[in-house]
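The values are calculated or read from the model by the stated rules, or taken from the named source; none is laboratory data. It should be emphasised that the depicted structure is a prediction, and the values quoted were computed from it without experimental measurement. Glycine gets a Cβ as well: all are built from the backbone with ideal geometry, and neighbour counts include every protein chain shown. The accessibility values were calculated without ligands, DNA or RNA, using every heavy atom of the protein model including side chains. Shrake-Rupley method; radii C 1.70, N 1.55, O 1.52, S 1.80 Å.
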Amino acid sequence: MVTTFAVLTWLSAGAAPEQDPAPKVEGYAKERVREKLDRGLVAVRLDGGGVYLSWRLFARDPAGLAFNVYRKTEVDPRGAKINAEPLRGATSCLDTPPAGAAGLSYALATVLDGREESCPGAPAFAASAGLKNAGCVTLRLQGGHTFQKAGIADLDGDGRLDFVLKQPDDNIDPYVKYWTRSPDTYKLEAYAHDGRFLWRHDLGWAIERGIWYSPYLVYDLDGDGRAEVAVKTGEGDPRDPDGKVTQGPEYLTILDGRTGAPVTRIDWIPRAKFTGESGYNYASRNQLHVAYLDGKTPCLIVHRGTYNVMFATAYEYRGGALRELWRWSNEGAGRQCQGQGAHWMHCADVDGDGRDEVVLGSLVLDDDGTLLWTTGLGHPDHCYAGDIDPELPGLEIYYGIEPGRDRNTMCLVEARTGRIIWGHEGKTAHIHSSGLCGDIDASRPGAECYSGERDFADKRWLRDCKGNVIGTQDLGGLAPRSACFDADAQRELIRGNRVIDFGGAEVAAGIEGRVVAVADILGDWREEIITSVKGELRIYTTAIPAAVRHPCLLDDPLYRSDVAGAAMGYYQVPMTSYDLERRMAR
């Protein structure tokens, strides 16, 4: 284990202070640990009797790979091929089964150089009654509750994505003006891809019922093909007479993804350094993420602190044990490193060396646990990393900085160096919530960036990737959601029960429930909208035929990392490390 701390000498914003050298992480993996997913076949029953089918393409698939689709019924259990020739274009098709066909199911096969090979996995069926251009897979929960977060990963190694939910959908903020006593405890619940209930783990009274007390992450950390659950836990009932938890042990605990049983635990970053009147609020800010610090091994990043002192520790999980890799603290690192934390973490290779860095907000840690750079701009309420401006090399980060400043509270920076590319000119008071970043406007290259003031409903800014203000309209509050749902490369906006394009045209309708996550978890490269309805998890998937052939978005390391991180912090829609429109045009 190597402990690294920044020293007092400070250079300038966008650069790192002088630091002691640190060794590079060398994990257990000999090659990059990746999920081994099946083809994710999904079948949507359409009004009128038709069935829309789509499935995954992988980036590793050979260029000439084609597909055959088979329809099975009670009278034809072996199946009949529904396509005359192997499908070589978009990974989707339409079928018109015989009227009243009973026992309807589908199977997929790959075709390469004339050789056919069956694909494992039965399709997920999505009903579409009452929906426009969408189908809905419904998973019934073990009770009439809602859920707040969804961890998405393969728990049993069958190649299909399962769900670990945190319930109920209730959030208590540690800030003194918002805090209230927890009425009950959080529970983690695991469900298989087909809705089978797997296990429940009560987090107990040591974990108050708020996002910042209860981070968790679902990911295959040891490379055995089955995801573990990493979660912050406590012990017993350490609440004080007011109901706050200010003492007692705190742990990083690993649960077996198949059973929910604890496997191992280690002490969480201690709360002792968070002192003073606001110490409880600051100490209660905890996060978890996964980073490939050596480019091959998924490593856990544990983080504590947002608004003043900040700490991070990296671990490797292997053989049922946690091994510490490095520690970082901003203590003594100078004013530009204080209070730079965000409500979200990103882990991505920002400098192109094949190893992930850790974006903790307005500062970035290098893969070895030393400070790479800081903008010194302060706490961002939202922070998006991706290929935002495709005309620039590498990745960019878009910030919405909460504290009022005279300039740059909305800005785009170069992810490799922290250099500000463009920024807002003029004073702001309180940029708030998760904003939006994504390609929603087909008339402009790259992603659009949207932020707004908390206390002024008329203060909204939508910018193109070059920083030009292209609109001041409200896109759906301060935290609008978006998804790739139709056949083009742009994201659509989710407004109430509708999915609309940037111009306002309705793309899909009939969405119900609170949007918990947006992710490409079924079918082709388009995204699913995951919602919480009382007693149900709903997965809304597109029934719009794809126009192009493209690998599933989960193939992209940055996108997969963002999907994993959605189980903690304030939600942000995942980003990709490439510009989807340019990639499709190749």
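Here are some notes:
- Modelled label positions at residue 129 and residue 142, each set 7 Å beyond Cα in the direction of Cβ, lie 2.9 nm from each other.
- Each Lys and Arg contributes +1 and each Asp and Glu -1, all at the Cβ; summed about the Cα centre of the chain, the dipole is approximately 720 debye.
- Carbon and sulfur %, accessible surface of the chain computed with the full protein complex present, 1.4 Å: 48
- Residue 511 sits with roughly 10 Å² accessible to a 1.4 Å probe, with DNA, RNA and ligands left out of the calculation.
- Kirkwood Rh in Å, taken over all unlike Cα pairs in the stretch 373-511: 15.2
- Relative packing of 232-238, 40-46, 471-477, which averages over residues the other C-beta atoms within 10 Å, highest first: 40-46, 232-238, 471-477
- The length gained by stretching the chain between residue 80 and residue 237 to full extension, at 0.36 nm per residue less their Cα-Cα distance, is 50.5 nm.
- Viscosity 1.306 mPa s, 10 °C: Kirkwood-radius Stokes-Einstein D of the chain over Cα pairs, µm²/s: 65
- Residues whose amide H falls under 5 Å from that of residue 535, counting only those 5 or more places apart or on a different chain, are 145, 146, with hydrogens built in the peptide plane.
- In terms of the mean number of neighbouring beta-carbon atoms within 10 Å, the peptides 315-326, 532-543 order highest first as 532-543, 315-326.
- Nearest-0.05 FRET efficiency for residue 105 and residue 177, computed from C-beta distance (R0 51 Å): 0.40
- FRET efficiency for residue 470 and residue 63, using Cβ-Cβ distance with R0 set to 35 Å, rounded to 0.05: 0.40
- Per-residue ellipticity at 222 nm computed for the chain from its helices equals -1000 deg cm²/dmol, with DSSP H segments shorter than 4 residues left out and the rest contributing -39,500 (n - 2.57).
- Per-peptide packing, taken as the mean over residues of other Cβ atoms within 10 Å, places 176-182, 377-383 in the sequence 377-383, 176-182 from highest down.
- Put simply, the amide H of residue 126, placed in the peptide plane, has neighbours under 5 Å in 43, 44, 45, leaving out anything fewer than 5 places away on its chain.
- Gyration tensor (alpha-carbon) shape descriptor, the stretch 73-167, a/c threshold 1.5: prolate
- For the stretch 165-187 and the stretch 58-75, distance of Cα centres in Å: 46
- Flagged links, alpha-carbon separation over 20 Å, of 244/534; 187/232; 149/459; 177/273; 232/296; 149/232: 244/534; 149/459; 177/273; 232/296
- Cross-link partners of residue 81 among lysines (Cα-Cα below 25 Å; sequence separation of 8 or more within a chain): 72
- The stretch 562-586-the stretch 465-519 distance, computed between alpha-carbon centres (Å): 15
- Across the chain, the relative contact order, built from alpha-carbon pairs under 8 Å that are at least six residues apart, equals 15 percent.
- Residue 96 accessible area, assembled protein chains, probe 1.4 Å, Å²: 110
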